[in-house]
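Q: To start, I am sharing the structure in question, which I have written as structure tokens.
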Amino acid sequence: MNILEIQNLQVSVMNKPILRGLELRLGAGEIHAIMGPNGSGKSTLANILVGRGDYQITAGTIRYQGEDLIVRSPEERAMAGVFLAFQNPVEIPGVSNARLLKEAFNAHRRYGHLPEMDAMTFRTHLQERAKHLGLSDDWLLRPINVGFSGGEKKRNELLQMLVLEPNLAILDEIDSGLDIDALTDVANGINALRNNLRSMLLITHYPRLLEQVHPDKVHVLIGGKIVMTGGMDLAGRLEEQGYGWLSEVAA
Amino acid sequence: MLDSNAVNSAISQSYKHGFVTAIPSDTIPTGLNEGVIRLISAKKREPEFMLSWRLAAYRHWQGMTEPRWSSVRYPTIDYQNISYYSSPLTNNPDSIDLKDVDPKLLATYEKLGIPLSERLSLAGVAVDAVFDSVSVATTHKKKLAKLGIVFCSMSEAVREHSALVQRFLGSVVPPGDNFFAALNASVFSDGSFCYIPPGVRCPMELSTYFRINAAGTGQFERTLIIADKNSYVSYLEGCTAPQRDRHQLHAAVVELIAMEGAEIKYSTVQNWYPGDAEGNGGIYNFVTKRGECRGDRSRISWTQVETGSAITWKYPSVILRGEGSVGRFHSVALTNNHQQADTGTKMIHIGHNTRSTILSKGISAGFGHNAYRGLVKVLAAARGARNHSQCDSLLLGNTCSAHTYPYIEVKNKSSKVEHEATTSRISEEQLFYCQQRGLSREQAVSLIVNGFCQEVLRELPMEFSVEARKLLEVNLEGSVG
Ligand SMILES: Nc1ncnc2c1ncn2[C@@H]1O[C@H](COP(=O)(O)OP(=O)(O)OP(=O)(O)O)[C@@H](O)[C@H]1O
Ligand SMILES: [Mg+2]
């Protein structure tokens, strides 16, 4: 069964059409990459999947694990395993990473009818994952994203993914602003979570992360539609030639 | 930006302490005159000095006008339409045994989470329970008495410890200090009295739990705490009232005196009935609280979490007289719906090398109005005085307001006074970020608000910081759509 099935998705922002009949099928355990020029609608798609307001869905359906996703609230989607690593994560002064994650983790547990994890056990759970990404214990006590560098914010998003273990992770430019070592850490993080049930959408501009993750498919999103789907070779061609040669297809 | 419609469609706030105890009471007719004051004094079987003190205060009050300089707005109060004394009929003021306390009163406090039986009570907390105008029980008195600590109701102190009362009462907040303090001095009913002898560290938290029950009455309690040389005490006050659609007046006075090397920590978790979502009913909380660091190296800290009341008007202050004395003020004030708060502190530096810190966190939601008003005054003699003030405001939605009025008067050049202020708003992005991690909007707000005030909440004794967190959560209900 497909974990995610999007049919004829049309979305506008303030009456301006952004997505124009987007189709996408993502199987369980698959990783798909989405590439495309600036402003083509990649983040819009990501935001729609997690139920962000300010967008109007004018047509189409989104099914997650076979069920309508659009009717669910953002937090229900999150607890049902849909995770977004934001392109621009927001700062929340006064709230530590550990605090948010503990609340979030236990919200997920309650949703799955599991007992909440006590503070001590959770701490260990969190520290193990932070170590994976080379993040110190001090890091966990810092307020969310406050004063983080671009790369640090991305690592932090990934840490949240490792802790919450989603079924469907959408990573919106998780690789931008990362130095070479950080990129490898992030790729390792993604690969560590990979299994035959968990699916991911990687939104990116560069093939470098994809080379370390080996996605099952690469889609090109232009003008609000998937205009071409291929494999790693497609990512390589885009790196060399840009999007110009695709504009005919898009038109 | 938060959707202001959603913010405004405030779901009715669930005030959890709004019940009324059906208990026959001795409530005197409304109105205020010398006869009423004599009656109150007689009911409490006070010594002569107390009655003349009250009458002097009353004569002073008659010549005063209600202050209007603060930012709070309310209709004129008819002082002749308030009953100044109400006591449960079954109360026996001379009893020291819980067996004699009306079970209905015990049940009331139990329901409020304050069991008065010493067996059930919170370990390490002694409670004086004030119901309307009288103290109905004081726990752990005997245990404290062994250390020489006096902890009893004010009424009892006036009779049994009159020398201490005469020496200290009104020495920090004089009877004519301000309109509400003068009113309190004339008609004050009950409150707590506490004396810690030299060198004694009070082994438990002392606390007073104030409950207004009767309708149409005002509560005018008076608390006096004296920490003698090198002693230590941590004191807490909590308050609730039934849900009623008429406003009720609460005008208290609290005086703290710290002698050489002594330390007093005074914490308040104020949860008077705030009124309904439209602004009907609720308590007018007009309170004068002041401490004096009388001896060298003495310390006084005020920590307050103000979540209730229709109007809060209070400025817990410290007079830093002793050399090297330290005053601290930590405050969280939350206003939701139509609540108004004008609160802050005064730090008066008189002695050399005195230090003060002010940390104020104001949270406004709904149509709430929140003002910080603070004075830092350094007198010419206060060589080497230091103050640091930090005032932060957090706004939810765009129909509420926050203001900061810092007044600074420095007469000594060697002193150092710093003031910082910030205003921030909970953004839609922040709420969505938390929702995307699995939190509801309400959980997200409470997480962010708790984060915003954690430095203050940390100052509260453990059990009470948990309580304060819960209160913030409850009082924020309906503030986001
Ligand atoms: N909230 C919004 N208000 C107004 N316009 C918006 C909003 N969100 C997206 N848009 C517009 O929709 C278009 C698609 O934006 P989107 O963020 O999805 O692009 P993207 O493919 O993620 O681009 P990038 O590669 O630069 O991140 C852009 O023209 C953008 O300006
Ligand atoms: Mg984008």
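The values are calculated or read from the model by the stated rules, or taken from the named source; none is laboratory data. In this text the structure is predicted, and so the values were computed from the model without any measurement. Ideal geometry is used to build each Cβ from the backbone, glycine not excepted, and the neighbour counts take in all protein chains shown. Ligands, DNA and RNA are stripped out before the accessible areas are found, and what is left, the full protein with its side chains, is counted by its heavy atoms. Shrake-Rupley method; radii C 1.70, N 1.55, O 1.52, S 1.80 Å.
Q: Could you work out the relative contact order of region B:25-476? I mean the mean sequence separation of Cα pairs under 8 Å and 6+ apart, divided by the number of residues, in percent.
A: On the way: 1194 pairs, mean separation 42.5, N = 452.
Relative contact order for region B:25-476 comes out at 9 percent.
Q: Using 0.36 nm per residue, how much length does the chain from A:Thr184 to A:Tyr206 gain when fully extended, once their Cα-Cα distance is taken away?
A: 6.5 nm
Q: While we're looking at this one, here's another question. Viscosity 0.692 mPa s, temperature 37 °C: give me the Stokes-Einstein translational D for region A:68-128 in µm²/s, with Rh taken as the Kirkwood radius over C-alpha pairs.
A: 249
Q: Now for a different question. About its Cα centre, how strong a charge dipole does the protein assembly as shown have in debye, to the nearest 20, once Lys and Arg get +1 and Asp and Glu get -1 at the Cβ? Before the final figure, lay out each step's value.
A: Values: 75 positive and 77 negative charges, 366 e Å.
I would put it at about 1760 debye.
Q: Please report the antiparallel percentage of DSSP beta bridges with both residues in region A:2-250, rounded to the nearest 5. Write out the running numbers ahead of the final one.
A: Details: 25 of 42 bridges.
Bridges in region A:2-250 that DSSP calls antiparallel: roughly 60 percent.
Q: Probe 1.4 Å, all protein chains in place: accessible area of B:Trp53 in Å², nearest 10?
A: 50
Q: Could you pull out every one of the lysines with an alpha carbon less than 24 Å from that of A:Lys154, ignoring same-chain neighbours closer than 8 positions?
A: Qualifying lysines at Cα under 24 Å: A:Lys42, A:Lys102, A:Lys131, A:Lys217.
Q: Send over the Kirkwood Rh of region B:141-286, from the inverse of the averaged 1/r over different Cα pairs, rounded to one decimal Å. The partial results should precede the final answer.
A: Details: mean 1/r = 0.0621 Å⁻¹.
That comes to 16.1 Å for region B:141-286.
Q: Roughly what % of DSSP beta bridges within the protein assembly as shown run antiparallel, to the nearest 5? Mind dumping the intermediate values first?
A: Working: 36 of 178 bridges.
Expressed as a percentage, antiparallel bridges in the protein assembly as shown total about 20.
Q: Share of antiparallel DSSP beta bridges in region B:25-476, in percent to the nearest 5?
A: Numbers: 11 of 136 bridges.
So the antiparallel bridges amount to about 10 percent of the total.
Q: If you don't mind, another one. Which value results when the Cα radius of gyration for the protein assembly as shown is divided by 2.2 N^0.38 Å? Mind showing how you got there, number by number?
A: Values: Rg = 30.9 Å, N = 732, 2.2 N^0.38 = 27.0 Å.
Expressed relative to 2.2 N^0.38 Å, the Cα Rg reads 1.14.
Q: With solvent modelled as a 1.4 Å probe, how much accessible area in total do chains A and B shield from it at their shared surface, in Å² to the nearest 100? Don't jump to the answer; show the numbers that get you there.
A: On the way: alone 11920 and 18290 Å², together 28210 Å².
Interface between A and B: roughly 2000 Å².
Q: Take A:Arg109 and B:Arg68, extend 7 Å from each Cα along the Cα→Cβ direction, and tell me the distance between the two endpoints in nm.
A: 5.8
Q: Moving to a separate point now. How far apart, in nanometres, would the label points at B:Gln390 and B:Ala421 be if each is projected 7 angstrom from Cα along the Cα-to-Cβ direction?
A: So the two model labels end up 1.7 nm from each other.
Q: Also: Quick check on region B:25-476: what does the Kirkwood estimate of hydrodynamic radius come out to from the alpha carbon pairs, in Å?
A: So the Kirkwood estimate lands at 22.2 Å.
Q: Roll a 1.4 Å probe over the protein chains and send me the accessible area per residue for the protein assembly as shown in Å².
A: Counting only protein heavy atoms, the per-residue value for the protein assembly as shown is 39 Å².
Q: Can you compute the helix-only [θ] at 222 nm over the protein assembly as shown? Use -39500 (n - 2.57) per DSSP H run of at least 4 residues, normalise by all residues, nearest 500 deg cm²/dmol. Could you put the intermediate results ahead of the total?
A: On the way: 21 runs with 206 residues, N = 732.
Estimated from H runs of four or more residues: -8000 deg cm²/dmol.
Q: Here's a follow-up. For chain A, I need the span (max minus min coordinate) of the C-alpha atoms along each principal axis, in Å, sorted largest to smallest.
A: Projected onto its principal axes, the Cα set of chain A covers 57, 40, 35 Å.
Q: Please compute the average number of Cβ atoms from other chains found within 10 Å of each residue's Cβ in peptide A:78-86.
A: If you average over the peptide's residues, the count of other-chain Cβ atoms is 3.
Q: Grab the beta carbon distance between B:Leu164 and B:Glu442, set R0 = 35 Å, and tell me the FRET efficiency rounded to 0.05.
A: Taking R0 as 35 Å, the efficiency between B:Leu164 and B:Glu442 is 0.10.
Q: Which lysines does B:Lys229 reach when only Cα atoms under 30 Å apart count, and residues fewer than 8 places away in its own chain are ignored?
A: Cross-link targets: B:Lys141, B:Lys142, B:Lys143, B:Lys146, B:Lys265, B:Lys289, B:Lys314, B:Lys346, B:Lys377, B:Lys411, B:Lys416.
Q: Using modelled backbone amide H atoms (1.01 Å from N, in-plane), which distant-in-sequence or interchain residues come within less than 5 Å of A:Thr58's amide H?
A: Here the answer is A:Gln10, A:Val11, A:Ser12, since their amide H atoms fall under 5 Å of that of A:Thr58.
Q: Separate question: Based on the Cα gyration tensor of region B:151-230, what are the three equivalent ellipsoid semi-axes, each the root of five times an eigenvalue, rounded to whole Å and given largest first?
A: 24, 17, 11
Q: Okay, moving on. May I ask for the angle, rounded to the nearest 10°, between helix A:180-193 and the longest principal axis of chain A, with both axes built from Cα atoms and the value confined to 0 to 90°?
A: 80
Q: Follow-up question, since we're still on this one. Once you average over the residues of A:109-119, how many Cβ atoms of partner chains fall within 10 Å of each Cβ?
A: Mean shielding by partner chains, rounded to a whole number: 0.
Q: Between helix A:150-164 and chain A, what is the angle of the helix's C-alpha long axis to the longest principal axis, kept within 0 to 90° and rounded to the nearest 10?
A: 70
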